[in-house]
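Here's the structure we're looking at; comments come further down.
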Amino acid sequence: DSGVTQTPKHLITATGQRVTLRCSPRSGDLSVYWYQQSLDQGLQFLIQYYNGEERAKGNILERFSAQQFPDLHSELNLSSLELGDSALYFCASSVRDRGSEQYFGPGTRLTVT
Amino acid sequence: AQSVTQLDSHVSVSEGTPVLLRCNYSSSYSPSLFWYVQHPNKGLQLLLKYTSAATLVKGINGFEAEFKKSETSFHLTKPSAHMSDAAEYFCVVSPLRRSNYQLIWGAGTKLIIKP
């Protein structure tokens, strides 16, 4: 158990809908990262927050957004969902904003039908 | 530019034989290096990390990796494979002076253990 929690574990929704994925980092970690993992594209970095502020953006679509709250938990919002958004979404956390290892949550499996 | 290359997409070994998963990196600065493991339908777990201390790093489950600056390599080894080691392994570089804070992930190596 890494100490990073993600909810829900599974999510099934229809195209065009909007969903919110939630992540709680390990106690003491200030950075939260979001990743998408699909069979055809592998693991893709989406976005990073550090102590409430956006720090880095990766391959995140405009339909996706995230935020980190004062209690350091984070939410990833996915809207106007398409079939291609079906994937595993991982949250990770780390102590510092760079250079330190990341600890991953168990992931949320999103299925868009 | 920084990059990481895992030289084998698949490695197959027999149970009880040594494991070698190869990783080469390219970085302009002294990087931190990590190996992660992902078992089927599971999350990613940190196996070990190198952060410029000892060049031979010991991790969990009997794995270790050696940082070789001259060869820009960080290969993962285990003396004796176990069936439970079947998983995908990712080599990761954290270039400490990179401006956009991203880890650089290798494409992964699937380790297959034959009984």
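Descriptive notes on the structure:
- Lone qualifier among B:V4, B:V11, B:V19 - being touching a helix residue (DSSP H, G or I) at 6+ places or on another chain (Cβ under 8 Å) and on the phi < 0 side of the Ramachandran plot: B:V19
- Considered as a group, the residues in the stretch A:68-113 that are β-branched (V, I, T) and part of a strand (DSSP E or B) include one that is nearest to A:T7 (Cα to Cα), and that residue is A:T108.
- Between A:E62, A:E54, the distinction of being over 14 Å from the mean Cα position of the chain (by Cα) and surrounded by fewer than 21 Cβ atoms within 10 Å (Cβ to Cβ) belongs to A:E62 only.
- Restricting B:S32, B:S28, B:S14 to residues that are surrounded by fewer than 16 Cβ atoms within 10 Å (Cβ to Cβ) and modelled with pLDDT under 95 narrows the list to B:S28.
- Test for A:E53: is it of a type in the set (D, E, K, R) and away from chain B (no Cβ under 13 Å): no
- Single match in B:F63, B:F74, B:F67 (criterion: touching a Cys at 6+ places or on another chain (Cβ under 7 Å) and buried (at least 18 other Cβ atoms within 10 Å of the Cβ)): B:F74
- Selection within the stretch B:1-52 - touching an Asp or Glu at 6+ places or on another chain (Cβ under 6 Å) and not basic (K, R): B:F34, B:Q38, B:L46
- Only one of the numbered conditions (1) within 14 Å of another protein chain (Cβ to nearest Cβ); (2) out of contact with any strand residue (DSSP E or B) (no Cβ under 7 Å at 6 or more places or on another chain); (3) modelled with pLDDT of 95 or more is not met by A:Q41, and that is (3).
- Subset of the stretch A:83-112 that is polar (S, T, N, Q) and more than 10 Å from chain B (Cβ to nearest Cβ) - its residue that is surrounded by the most Cβ atoms within 10 Å (Cβ to Cβ): A:S93
- A single entry from A:A87, A:A66, A:A92, A:A56 fulfils the requirement of being closer than 27 Å to B:S30 by Cβ, modelled with pLDDT of 95 or more and out of contact with any helix residue (DSSP H, G or I) (no Cβ under 9 Å at 6 or more places or on another chain): A:A92.
- The stretch B:43-55, subset assigned to a loop (DSSP other than H, G, I, E, B) and more than 7 Å from chain A (Cβ to nearest Cβ), residue nearest to A:L88 (Cα to Cα): B:T51
- Filter result for A:Y49 (touching a residue at least 60 places away in the same chain (Cβ under 8 Å) and assigned to a strand (DSSP E or B)): no
- Qualifying residue in the stretch B:15-22 (condition: within 27 Å of A:V4 (Cβ to Cβ) and out of contact with any strand residue (DSSP E or B) (no Cβ under 6 Å at 6 or more places or on another chain)): no
The values are calculated or read from the model by the stated rules, or taken from the named source; none is laboratory data. Note that this is a predicted model, so its numbers are computed, not measured. Cβ sites come from the backbone with ideal geometry, for glycine too, and all protein chains shown count toward neighbours.
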